[in-house]
Amino acid sequence: MAKFKYKFERLLNIKEIEEKKEYSELVRIREAIKIKIGEKEEVNKKVIELENNIEKLEVFSVDQMKYYNSRFVELDNEIEKIQKNIEKLQDNEKVQNEKVIEISKKKKILEKLKEKHRLAFNKEEERKLNKVLDELGTRGFIRKGRGSL
């Protein structure tokens, strides 16, 4: 019996490699988002800590007010910057997710086509085998028939 060879096997292998590469990029983006969210939480903790420090003060000077005000502005700017970065990463995540989905669809199509070709190949091999068996059976019948004459 002949061995099954899929003519698009190389293309299927390329799609599998592509899928792994794009998926690892998606994972990297998701990790970056987690890191940025952690950074944002840390800055928010600093804001809360600063607010708590202000509440503890009974009286504070103009210089202290300026310091706390500038510190709040600084932290707010940092939070805003991190948030924009998170949003950009989330947009990248959506695009990357679409890439992974698209490549997965193409790979599945190739896999289904491979299975279809495999079934057709097996059917053809079975047909050839049956033909050979029929010929052998016919030859055996003819030999038996001649021998009895």
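Observations, loosely collected:
- Checked against (1) over 30 Å from Lys123 (Cα atoms); (2) exposed (fewer than 15 other Cβ atoms within 10 Å of the Cβ), Tyr68 meets all criteria but (2).
- Test: residue in segment 89-102 that is in contact with a helix residue (DSSP H, G or I) (Cβ under 6 Å, 6 or more places away or on another chain) and among the charged types (D, E, K, R): yes
- Annotation note: Cβ proximity below 8 Å between a residue of segment 1-18 that is within 23 Å of Asn130 (Cα to Cα) and a residue that is among the acidic types (Asp, Glu) (sequence gap 6+ or interchain) occurs for Met1/Glu125; Ala2/Glu125.
- Condition met for Ile54 (over 28 Å from the mean Cα position of the chain (by Cα), surrounded by 12 or more Cβ atoms within 10 Å (Cβ to Cβ), of a type in the set (A, V, I, L, M) and at pLDDT 95 or above): no
- Top-ranked residue of segment 1-33 - restricted to ones that are hydroxyl-bearing (Ser, Thr, Tyr) and in a helix (DSSP H, G or I), ranked as nearest to Val100 (Cα to Cα): Tyr23
- In segment 95-111, the qualifying residues are those that are basic (Lys, Arg) and in contact (Cβ under 8 Å) with a residue 24 or more places away in the chain, and the one that is surrounded by the fewest Cβ atoms within 10 Å (Cβ to Cβ) is Lys106.
- The C-beta contact set for segment 117-133 (first residue among the aromatic types (Phe, Trp, Tyr), second residue surrounded by 11 or more Cβ atoms within 10 Å (Cβ to Cβ) and modelled with pLDDT under 95, distance under 6 angstrom, 6+ apart or interchain) comprises Phe121/Phe4.
This table checks each residue for (1) over 30 Å from the mean Cα position of the chain (by Cα); (2) on the phi < 0 side of the Ramachandran plot; (3) free of Cβ contacts under 8 Å to residues at least 60 places away in the same chain; (4) assigned to a helix (DSSP H, G or I).
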{"site": "Ile48", "(1), (2), (3), (4)": "yes, yes, yes, yes"}
{"site": "Val59", "(1), (2), (3), (4)": "yes, yes, yes, no"}
{"site": "Gln64", "(1), (2), (3), (4)": "yes, yes, yes, yes"}
{"site": "Ser70", "(1), (2), (3), (4)": "yes, yes, yes, yes"}
{"site": "Glu78", "(1), (2), (3), (4)": "yes, yes, yes, yes"}
{"site": "Ile86", "(1), (2), (3), (4)": "no, yes, yes, yes"}
{"site": "Glu93", "(1), (2), (3), (4)": "no, yes, no, yes"}
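- Being out of contact with any Lys or Arg (no Cβ under 7 Å at 6 or more places or on another chain), surrounded by 13 or more Cβ atoms within 10 Å (Cβ to Cβ), charged (D, E, K, R) and under 30 Å from Phe4 (Cα atoms) is a property that Lys114 has.
The values are calculated or read from the model by the stated rules, or taken from the named source; none is laboratory data. Model, not experiment: these values are computed from the prediction. Glycine also receives a Cβ, built like all others from the backbone with ideal geometry; neighbour counts cover every protein chain displayed.
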